[in-house]
Amino acid sequence: MYEGYEKKALPCTEIRHRALVWGVQAEFYTNFSNWLLNCWGIVGVTHMLNLTSTEIYADEDTPENREQAIYDLADLYMKMIMRNRTEGGFSLGVDDVWRFCEEYNLDMIIMLEQMACKAVTTWHGIYEEEAAKRGIRVIWIPHALLDPRKADRQSMRDEVNRYMRTVLGEEPFDPSLENIEDQNAW
């Protein structure tokens with residue numbers, strides 16, 4: 001990793017799409033972001049967990065900053081991920097998505113629909129309408145963080161494979177990555 005970083009080597013041969021990964025983070029237990037990049041050239045530029053807060057907090061230890069740290073912690077608690085992005089109201093759950101897409105120059109959203117959490121799902125139509133207005137693609141991927149048997153890893157990949165082939169007419173960089181044996185995965 002360090003050698004690749006020093007040489008500024010790209011992690012894949014080509015980047016086709018720049019995506020915001022939104023929703024409860026299935027990519028961490030499925031290594032989904034690496035698969036998106038290597039199979040389809042979709043780079044997850046940022047994701048919901050990174051965007052808990054975009055505030056700059058003090059980074060020097062001074063008496064004033066120690067007092068401010070209490071307020072900063074309260075602010076972060078108020079903005080924690082489920083309170084903020086999925087349960088935090090329309091502005092935080094919907095409007096900010098478009099702000100981040102514009103700020104990071106993104107053309108795609110990977111929308112992870114956690115089956116046990118209905119907040120993002122309730123805004124499905126609104127996301128679709130707003131994405132169409134902005135020319136942003138949205139791939140909806142159902143998953144079950146608490147029970148991956150309900151939406152296994154391959155079904156998550158199948159949603160992307162189907163979308164990329166049928167909607168965008170694209171072919172994968174490496175077709176052998178479309179279907180992966182997951183039975184030995186932890």
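When region 102-125 is filtered for residues that are at pLDDT 80 or above and of a type in the set (Gly, Ala, Ser), only Gly125 remains. Applying the set (1) in a loop (DSSP other than H, G, I, E, B); (2) modelled with pLDDT under 85; (3) not acidic (Asp, Glu) to Arg83 leaves exactly one unmet item: (1). Anything in region 27-57 that is at positive phi and at pLDDT below 70? List them, or say none. None - no residue of region 27-57 is at positive phi and at pLDDT below 70, so the list stays empty. Close Cβ contacts (under 8 Å, 6 or more residues apart or on different chains) running from residues in region 147-173 that are among the hydroxyl-bearing types (Ser, Thr, Tyr) to residues that are surrounded by fewer than 18 Cβ atoms within 10 Å (Cβ to Cβ) comprise Ser155/Pro142.
The values are calculated or read from the model by the stated rules, or taken from the named source; none is laboratory data. Note that this is a predicted model, so its numbers are computed, not measured. For neighbour counting, all protein chains shown are included, and Cβ atoms are generated from backbone atoms with ideal geometry for every residue, glycine included.
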